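The values are calculated or read from the model by the stated rules, or taken from the named source; none is laboratory data. Note that the structure is a prediction, hence the values are computed from the model and not measured. Methodologically, a virtual Cβ is constructed for each residue, glycine included, from the backbone with ideal geometry; neighbour enumeration extends over all protein chains shown.
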Amino acid sequence: MPGLIERYRDRLPFSAGDPVISLEEGSTPLLFAPRLSERVGAEVHLKLEGLNPTGSFKDRGMTCAVSAAVRDGAEAVICASTGNTAASLAAYAARAGIRGVVIVPEGKIAVGKLAQALMYGARVISLAGNFDAALTLVRQVASVHPIALVNSVNDFRIEGQKTASFEIAEALGDLDALCIPVGNAGNITAYWKGFREVGLAPRMFGFQAAGAAPLVHGAPVAHPETVASAIRIGNPARWEQAMDAMTSSAGGVAAVTDAQILDAYRFLARQEGVFCEPASAASVAGLIAHGAGGAERVVCVLTGNGLKDPDTALSQVSGVVACAAEISAIEAAVL
Ligand code: F0G
């Protein structure tokens with residue numbers, strides 16, 4: 001499949017002849033979830049964004065943001081990140097042959113994401129502060145130095161990410177509700193823009209981790225905490241647009257506890273065969289805990305791949321079975 005810019009060029013701010021930095025992102029599966037459907041009494045589909053080239057939805061936005069940065073002559077790109085944006089930036093910067101710099105909260109990013117950012121060759125800066133502090137600082141740096149900022153405050157990110165809505169519309173025709181985790185609030189903004197552009201208006205339900213739920217409280221959270229490190233954010237940059245998506249679609253925002261997130265995380269793996277990361281499971285946790293306003297056909301966005309965060313996965317399961325290399329021991333272990 002061609003990448004997003006090639007597939008949807010007529011609906012994206014790129015002209016023929018513009019440079020395209022792509023890893024053939026997008027075109028991700030929309031998987032029907034029979035057991036989850038039964039559990040919640042609706043027809044539920046999962047948008048598997050963890051199957052993008054770097055394992056998260058960020059690649060949709062990054063192909064556009066980095067292509068635009070290269071078009072505009074940037075020699076470096078920078079972001080603040082809870083991990084996935086960092087991994088994606090690093091990959092697209094490598095592909096473009098420009099410098100990538102990422103600022104991540106010290107000790108609070110999943111190990112797979114850190115490995116990705118380092119392997120792709122980005123400069124990884126570990127900040128003694130949280131994501132919100134990192135975002136404030138990169139905005140300052142990018143405003144005075146010739147480095148392109150590719151967080152979702154960059155409109156090209158929204159343009160790229162809206163294409164997930166196009167794919168859902170192509171696959172289903174229509175849907176009643178979308179359930180999505182909300183961190184910095186770029187993705188819900190992008191989905192809503194995409195749906196509006198294809199004439200759809202599903203109810204948009206955003207879910208935040210209870211310890212990092214500024215939109216639910218209506219006020220920034222100074223010290224956000226959650227097991228879902230990707231959405232450990234206390235002051236989302238796209239706050240107003242996210243609220244607008246939810247209110248104008250007659251959806252809403254609600255919080256899910258870490259226990260609810262981890263329950264949905266295990267349920268998806270064991271009952272549906274889908275291993276997503278904890279933040280992604282917040283969409284399903286929200287659907288299970290709060291419902292989707294009686295919607296019949298629902299899409300839950302699973303934003304990132306479970307392999308990114310092996311530590312959380314291993315904390316949720318019983319250990320492996322040790323065994324001597326003898327047939328009787330093997331039989332005892334297997335049967
Ligand atoms: N799910 C995952 C796996 C994420 O990595 C993020 C955000 C979100 C959901 C929330 O999306 O911010 O657009 O509301 N991760 C960013 C990052 C903040 O730096 O990787 P959002």
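Scan the range 73-124 for residues that are among the β-branched types (Val, Ile, Thr), part of a strand (DSSP E or B) and farther than 22 Å from Glu49 by Cβ and report the count.
Number of matching residues: 4.
Are any of the residues in the range 73-84 charged (D, E, K, R), surrounded by fewer than 18 Cβ atoms within 10 Å (Cβ to Cβ), more than 20 Å from Asn154 (Cα to Cα) and touching a residue at least 24 places away in the same chain (Cβ under 8 Å)?
Within the range 73-84 (the criterion being charged (D, E, K, R), surrounded by fewer than 18 Cβ atoms within 10 Å (Cβ to Cβ), more than 20 Å from Asn154 (Cα to Cα) and touching a residue at least 24 places away in the same chain (Cβ under 8 Å)), the answer is no, since none of the residues qualifies.
I'd like to check something: does the range 243-254 contain any residue that is assigned by TED's automatic domain parsing to the domain that holds Ala209, closer than 21 Å to Gly83 by Cβ, not acidic (Asp, Glu) and not in a loop (DSSP other than H, G, I, E, B)?
Within the range 243-254, not a single residue is assigned by TED's automatic domain parsing to the domain that holds Ala209, closer than 21 Å to Gly83 by Cβ, not acidic (Asp, Glu) and not in a loop (DSSP other than H, G, I, E, B).
Kindly indicate the residue of the range 60-90 that is more than 9 Å from the ligand (Cβ to nearest atom), small (Gly, Ala, Ser) and closer than 13 Å to Val150 by Cα and also farthest from the chain's Cα centre (by Cα) among those meeting that condition.
Only one residue fits best here, namely Ala74.
Just checking, does the range 150-160 include any residue being away from the ligand (no atom under 15 Å from the Cβ), modelled with pLDDT of 95 or more, surrounded by fewer than 19 Cβ atoms within 10 Å (Cβ to Cβ) and not in a helix (DSSP H, G or I)?
No, that holds for no residue.
Among the residues of the range 227-247, count how many are crowded, with 24+ Cβ neighbours inside 10 Å and either away from the ligand (no atom under 12 Å from the Cβ) or of a type outside the set (Gly, Ala, Ser) (or both).
Of the residues in the range 227-247, 4 are crowded, with 24+ Cβ neighbours inside 10 Å and either away from the ligand (no atom under 12 Å from the Cβ) or of a type outside the set (Gly, Ala, Ser) (or both).
Those residues that are within 16 Å of the ligand (Cβ to nearest atom) and among the charged types (D, E, K, R), I need them from the range 173-199; list them, please.
Lys193, the sole residue that qualifies.
Per-residue answers, yes or no, for (1) within 16 Å of the ligand (Cβ to nearest atom); (2) of a type outside the set (Lys, Arg); (3) in the same structural domain as Lys108 (by TED's automatic domain parsing); (4) not in a helix (DSSP H, G or I):
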| position | (1), (2), (3), (4) |
| --- | --- |
| Ile261 | yes, yes, no, no |
| Phe267 | no, yes, no, no |
| Val284 | yes, yes, no, no |
| Val301 | yes, yes, no, yes |
